[in-house]
Amino acid sequence: MPTVELIPSASTVLDLGVGPSPLRRLTKRQYENVVRDALGADVPLAESLPDDVAIGGFEGPAGARPNELLVARAQRAAQAAAAFLVSDHARLARVLGCESWTTAEARTGCLERLMAGTASRLVRRPLTVEERQRLLTRAAGWMQELDFEAAVQLTLEALLQSPAMLYRPEPGPSLDAFALASRLSFLLWDSGPDDALFDAAKNGQLVSRAQVRSQAERMVRDPKVTRGMWNFHRQWLGLERLLLDEHAQRTPDVDPAWTPQTQRAAFEESRRFVEWVMETRGTLGALLTNRTALLDAEAARLYRVSSFTPGTPVELDPAERSGILTRVAFLAATSHRGATSPPIRGSATMLRMRCTQVPPPPPGVDTSIPRPDGGARTTRQLVEARTSAPTCIACHHSLNALGFGFEHYDAAGQFRAQEAGVAVDSSFTLEGGELDGTYPSVLELGPRLAASREVQTCTTSMWVHYALGRAPVDAEQGWLDLVTQRFIASNGDVRALLVDLASSPSFLFLGEAP
Amino acid sequence: MNRRQLLTALGLGALYRPSARAQPMTSPTRVVFFVQPHGHVPSGWKMNVPSAPGALVSERSLTGLAESELSDVLRPLFPFRDRLLAIEGLAHTAALEDIAHLRRDGGDANNHNVAVADLLSCARAAQHPGFPCTGGAITIDQLLAQRTVGPGRFGSRVYGGDYIPNQVVAPFSFTGASQPTPVVKSPATAFLDLTGTPLPPADRAARMARARVSMLDSVAEEYTAVSRTLGREARETLEAHRALVRDLELSLTMAPSCTGALDGSLHTARQFMQLIRMAFTCDLTRVMVFAPSPAPCAEFGYPANHDVHANYAHASIDGATSCGQTYTPTAERAMTDFSLWHARHLAFLLSELDAVREGDGTLLDHTVVVWLTELGTPTHRHDDAFTVLVGGANGFFRTGRYLRYAPLFDNPVAGSLVEWPRIGPAHSKLFVSLLRALGQTDSSFGTTSATSSSGESIDLTGGLNELHR
């Protein structure tokens, strides 16, 4: 991994530009990961926080405000989790970090251990003296009114709803080591710091840029990085769209066997692929070209693979598949129930790979693809006919071209040689850019996308947006360009990009709180 | 029937405890926003209204009409026609003003994205370069929620499903710019939100409580059994005692704030409607939003593999111009039937609310349901935002009428008059009227002025006084 220092000294940091740092709230996933990591994987979280909505691209945007339901759910989730933990001696012992609380002295000691251990893991930093004292005073009162278990239960409920738990407060004037540790762990693991990172922060070993890079390099090799990798990719590539109700069905002519289970299986296959490819290859190129799949029976049916072992990678047919854009999850999520939609597939590819938003169709445009009344006509022919008007073709030229490249995949993402008895024509020509050329199908596009500076730049900006919870600002363009150049120079090494992001000025320093 | 008998009959007897929240002397006004996606087909919605030439507002009484005289879409609301106010000719002026700006200055000008972002906010949408726009200000439901929240009463809840006009899920309700209000998508979860979490089985207090519930259940049965053997007065005495035991039983199984049951056998939409009734009955909130996902076509008589957006919406208006537009009478009828799906579920909500006696009338007499859609027509027009107010709203609105507003202004968006016709009053003015119905004194909501394509200033302040008493 390259180790060239991006920022030789703090004085140049200002020149490179630090963007604003609005307060961030934990997403539902982050909340659940923190709870599981700090309190145990068995804590019930069935209905924890409300579902997040991706606003401006990604869930958990910086500056998200609380709402009534969030507060109500946080209370309920806290109550349920705390009741679960105190209801069993072994679990309570685990949370407290002590085995016995039969004497008054032991109970006091256990509460102290709770503050130093589980409590600080929940809030991702040591409690302040005042915080600790307030909680202990409350707990003493609850012990008197009820009993020790009730006091622990209520203390946990209070902690789980505290601002230090639900938010990531970063008090100024400069970023402290624990806040920085949280930035690292939420970016890379979608959760709080582990012991090693926490200890590094505590022991003053997270103060130089080299130390931060060293921690980040350790963390991108930790299995927990799959959480961060998947969380980014499912949103960036719109894979989660597959789970929407509209994709629970496919028309019988497309796939009579498609059920909600198929929908879930295809989604899970894309998750396993992203996790596997990032773990074993770790590059944008592999994401866009690799043919390895980890199948279950339903995914194997979709890919027409007759022999597989769950958990064991298989190679998909090179004549049919190449990378994430040719996997069922992406292909079906960008289709209608009964037909493919080349413009939607083209538009999704433009948006995700090239960061280009094609202008919307004029009002009133019929974007559906009706079946022909007579004669065998392919989707491609129908779309070409429909969008041939001069007002349409200006924008549709590029959308259609990219979309037609996917026509070998039907609305269920299954490979097809023919449509309506006619051989599929998935050839297309791109003009006016780095990806210029004529392609037999999207299979040949994958390697070109992976090598494209435009796509690598777009990917970098998506990661930056994800990491910061906001769009980059002009002041950040300097280091953003450097990070992008390094990503390109590394041949799309995603882990190296993450280490660069984690040690970029806007990550290492506290920007203005807007 | 007194209040306690009534509540008991509704399964809400636990409310009649000394500790229960007291009903105010005057019943509060409640609001439900019922948001239908994709607009209405005018031919299915509109009614004939005799109007004098040049009149800005025309109206027709609904109270004396036969059921068959209502339009197709409004017909399911016939039983509530005395409390119905159907409004034709409002415009999504704030959205049009936004689109006009976006066409000049750039941004996500997708007509449908802007429509969803602006429907309840009536303000410029928040722009996110490279991504779809979102609500740019607090929405009317959340403003009303802020104004009506109180001790033991939350501001609002938003129920419904995902709506994806273009690629990305787009919510309707926002607490501020780009701050979506979370949507509760499962009635069972919504029910837990209202009633609290039952204690987990391992909890010792819960074990005791459950034992106490079954103990009280058997006690109640004893009262019933014995009362059958007695004369009228003694029986009434024992029945009242039994009801108190049942109340106690319910209060042990539920969180103390509200009780009731969720009928999981009902359609999801109707389960949410029962929850709205329950929340209002207990005065847990006064503002609710229900914005269902587009209904599956099979639910309104069309092939299961079709969907409203892909198969019907854009082909539903005869004469609408756009490239590739293929009007079909089937699509027109399908969109009317889609609206009817909403009307029939709405009628269920209305009967739920009307079945609850409260103060001087029913819960429906103290509620106004606002049935809105983000588009005027399914082909993305904003000049005719068909709107229904239904419910007594404590007498604030003059109901039992069908009202038509005539176009007043040129469209803020310049272009062909077919796509961008002249427009009537802004629907944001309706929200000012709603604020007044809830005792607020705001003089405007959202964008306060717009400019027509001919340069005329359009004042968006003030309410729609024709609707009020």
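Only the coordinates and a few stated rules stand behind these numbers; no lab work does. Just so we're clear, the structure is a prediction, and the values are computed from it rather than from any experiment. Reconstructed Cβ throughout: ideal geometry from the backbone, glycine too, with neighbour counts over all protein chains shown.
Remind me, relative contact order of region A:191-323 in percent, using alpha carbon pairs under 8 angstrom and six or more residues apart? Don't skip to the end; give the middle numbers.
Numbers: 104 pairs, mean separation 22.8, N = 133.
Relative CO of region A:191-323 lands at 17 percent.
Quick one, could you list the DSSP H helices from chain A stretching 20 Å or more along their long axis (Cα atoms) with average Kyte-Doolittle hydropathy of 0.5 or above?
Values: long enough: A:68-86 (27 Å, 0.92); A:129-145 (24 Å, -0.92); A:260-280 (30 Å, -0.94); A:453-468 (22 Å, -0.09).
For chain A, where a helix must reach 20 Å along its axis and average at least 0.5, the hits are A:68-86.
Which whole-number percentage describes the relative contact order of region B:102-197, with Cα contacts under 8 Å and a sequence gap of 6 or more?
Details: 156 pairs, mean separation 24.6, N = 96.
Worked out over region B:102-197, it gives 26 percent.
Please figure out what share of the DSSP beta bridges in the protein assembly as shown is antiparallel and state it in percent, rounded to the nearest 5. The partial results should precede the final answer.
On the way: 37 of 59 bridges.
In the protein assembly as shown, approximately 65 percent of DSSP beta bridges are antiparallel ones.
Which of the aspartates and glutamates could a cross-linker span from B:Lys46 if the Cα-Cα distance has to be under 13 Å and same-chain partners fewer than 8 positions apart are dropped?
Correct list for B:Lys46: B:Glu59, B:Glu69, B:Asp72, B:Glu88, B:Asp384.
Sort region B:103-189 into rounded, prolate or oblate with this rule: let a ≥ b ≥ c be the square roots of the eigenvalues of the Cα gyration tensor; rounded if a/c is under 1.5, and if a/c is not under 1.5, prolate when a/b is larger than b/c, oblate otherwise. Walk me through the numbers on the way to the answer.
On the way: a/c = 3.04, a/b = 1.63, b/c = 1.87.
Since a/c reaches 1.5 but b/c is at least a/b, the shape of region B:103-189 is classed as oblate.
Report the relative contact order of region B:370-455, percent, no decimals, based on alpha-carbon pairs under 8 angstrom and at least 6 residues apart. Could the numbers behind the result be given before it?
Values: 91 pairs, mean separation 21.0, N = 86.
Contact order relative to length: 24 percent.
Hey, got the Cα dimensions of region A:433-488 along the principal axes, in Å, largest first?
Principal extents (Cα only, largest first): 41, 19, 17 Å.
Can you bin the protein assembly as shown into rounded, prolate or oblate? Criterion: square roots of the alpha carbon gyration tensor eigenvalues sorted a ≥ b ≥ c, rounded for a/c under 1.5, prolate for a/b above b/c, oblate for the rest. Before the final figure, lay out each step's value.
Numbers: a/c = 1.64, a/b = 1.05, b/c = 1.57.
It is oblate, given that a/c is not under 1.5 and a/b is not larger than b/c.
Sort A:Arg234, B:Arg469 so that the residue with the fewest other Cβ atoms within 10 Å of its own Cβ comes first and the one with the most comes last.
Details: A:Arg234 20, B:Arg469 8.
Fewest-to-most ranking of A:Arg234, B:Arg469: B:Arg469, A:Arg234.
How would you rank A:Leu294, A:Leu114, going from fewest to most other Cβ atoms within 10 Å of each one's own Cβ? Could you put the intermediate results ahead of the total?
Values: A:Leu294 19, A:Leu114 24.
Least crowded to most crowded, the residues run A:Leu294, A:Leu114.
Please work out the FRET efficiency for the pair B:Ser457 and A:Glu434, using the Cβ-Cβ distance as r and a Förster radius of 56 Å; give the result to the nearest 0.05.
Working: r = 48 Å, r/R0 = 0.86.
About 0.70, to the nearest 0.05.
Could you work out the mean count of beta carbons from other protein chains within 10 Å of each residue's beta carbon in B:294-301? Walk me through the numbers before you get to the answer.
Values: counts 2, 0, 4, 1, 1, 0, 0, 0.
Whole-number average of other-chain Cβ neighbours for B:294-301 is 1.
Neighbour counts of other C-beta atoms within 10 Å: give me B:Lys429, A:Lys28, A:Lys202 arranged from fewest to most. Display every interim value, and only then the final one.
Working: B:Lys429 24, A:Lys28 19, A:Lys202 16.
Listing B:Lys429, A:Lys28, A:Lys202 from fewest to most nearby Cβ atoms yields A:Lys202, A:Lys28, B:Lys429.
Report, ordered by chain and residue number, the lysines lying within cross-link reach of A:Lys28, taken as a straight Cα distance under 25 Å and ignoring same-chain residues fewer than 8 apart.
Of all the lysines, those that pass the test against A:Lys28 - Cα under 25 Å, at least 8 places apart if same chain - are A:Lys224, B:Lys185.
Using only the alpha-carbon atoms of chain A, report the extent along each of the three principal axes, biggest first, to the nearest angstrom.
87, 54, 46
Would you mind classifying region A:1-157 by shape? Square roots of the alpha carbon gyration tensor eigenvalues, ordered a ≥ b ≥ c; an a/c under 1.5 is rounded, otherwise it is prolate if a/b is larger than b/c and oblate if not. Before the final figure, lay out each step's value.
Working: a/c = 2.37, a/b = 1.67, b/c = 1.42.
Here region A:1-157 falls in the prolate category.
Would you pull out the residues with amide H under 5 Å of B:Val32's amide H, same chain only if 5 or more places away, H placed 1.01 Å from N?
HN-HN under 5 Å from B:Val32: B:Met288, B:Val368, B:Val369, B:Val370.
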